[in-house]
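Nothing in this text is a laboratory measurement; each read-out follows from the coordinates by a stated rule. Since the model is a prediction, treat every value here as computed from it, not as a measurement. In this analysis, Cβ positions are derived from the backbone assuming ideal geometry, glycine residues included, and neighbour counts consider all displayed protein chains.
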Amino acid sequence: MSEATTAMWAVRGAAVVAFSAFICVGLIILLQPVLQRYALAKPNARSSHRMPTPQGGGIAVIAATTAAAGFGLLSLGASFAAPLVTVFAAVIVIACVGAADDIHPLAVAPRLALQALAVGTVIYALPSDLRVIPILPWWIERILLFVGGLWFVNLVNFMDGIDWMTVAEIVPICGALVALGSLGALARDGIAVALALGGAMLGFAHFNRPTARLFLGDVGSLPIGLLVGWLLVLLAGSGHLTAALLLPLYYLADATLTLIRRFSNGERVWQAHRTHYYQRATDRGYSVTEIVARVFVVNICLAGLALITVIEGSLVTDIAAFVLAAALVTWLLSSFTRRRD
């Protein structure tokens, strides 16, 4: 690719990000009075905030992502094909489930069933020849993708517990996905969605900075988890499974280890709590800004390692990158369990 072509693509990508951020900010400004009245999150024993704060910012994030993704597809010369329409239909469904849960908490069974419907729809929309682990039978791989997708959607929701946390996670992942797409590891439709989602999260970041004036709510965290999960599956299906695991490794580790710990203690794992590593860090003297800054830096490092695995494309590099990433995430989790000096 020539320098002129690279510059042109960079300008188009920046335009998609700016367009998405602009739409998100505008929608938030319009929606804030309504959210303040009908979607106020009041503090409780499991909350990390102390003042009633409106939630539902995810409405603006998902609306902006959808609109900007269409603009991005046109800018990048890709088409809004039927599978992508199906994915966004599932995104809208799960966003509606989140909105209903934000206003009036839903019972576990119907909430999980509707989430499963959305995840199953996205799995159905995947290319039939996409393989993540080719040695497994196709149907077993699809079942594992379904279970993993359902877990990923929920863990993104679980991890959205303090100001800027989801921003510190999703923005680096989206940036890395765009960079990986420029290397041929992700198709243009995936690049367009990553640009749009990253831009929307940047627009939302202004309102969610500590101390937040607005939360995402389930209407945002659930569909964001679904979209990012879909993008990571596409990345893994292009032959870059290690990169797809590295990018969300901190979220995967914190949420999964917390679930295992709670399950082994006999706790009701479906109930709200505040025992994730990042939440425990707030009880040990860390400020919200210190926590999300560490998470952001670690995610930038994970993104860099993911890029290296795609550029080098060797088993030795994959193993070395994963070992380094595991050590980095272990350090982060361990630091959150120690009291701040």
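If you take the alpha carbon radius of gyration of the range 248-341 and divide it by 2.2 N^0.38 Å, what ratio comes out, to two decimals?
For the range 248-341, the normalised Cα radius of gyration comes out at 1.22.
Which of H104, H206, H276 ends up with the largest GNM mean-square fluctuation for the chain, with Cα atoms connected below 10 Å?
Among H104, H206, H276, the largest mean-square fluctuation in the Gaussian network model of the chain belongs to H104.
Test of understanding: given the chain, find the longest segment containing no chymotrypsin sites (Phe, Trp or Tyr not before Pro) that are in a DSSP loop and have at most 16 other Cβ atoms within 10 Å.
The segment 81-269 is the longest one with no such site.
Only helices at least 24 Å long along their own axis, judged from Cα atoms, and with Kyte-Doolittle mean hydropathy of -1.0 or greater: name those in the chain from DSSP H.
Helices passing the filter in the chain: 3-38, 58-76, 82-103, 108-125, 138-159, 165-182, 188-208, 218-237, 288-312, 315-337.
So what is the relative contact order for the chain, in percent, with contacts set as C-alpha pairs under 8 Å and at least six apart?
Reported relative contact order: 24 percent.
Rounded, prolate or oblate: which fits the chain, taking a ≥ b ≥ c as square roots of the Cα gyration tensor eigenvalues, rounded meaning a/c under 1.5, else prolate when a/b beats b/c?
In terms of gyration-tensor shape, rounded.
Specify the residue with the greatest mean-square fluctuation among A253, A95, A168, computed from a Gaussian network of the chain linking alpha-carbon atoms under 10 Å apart.
Ranking A253, A95, A168 by mean-square fluctuation puts A253 first.
What is the dipole size for the chain, taken about its Cα centre, with +1 at each Lys and Arg Cβ and -1 at each Asp and Glu Cβ, in debye to the nearest 20?
940 debye
Please find, in a Gaussian network model of the chain (springs between Cα atoms separated by less than 10 Å), the residue of P134, P172, P248 whose mean-square fluctuation is greatest.
Largest GNM mean-square fluctuation: P134.
Hey, what does the equivalent ellipsoid look like for the range 6-128, semi-axes from the Cα gyration tensor as sqrt of 5 times each eigenvalue, largest first, whole Å?
30, 22, 11
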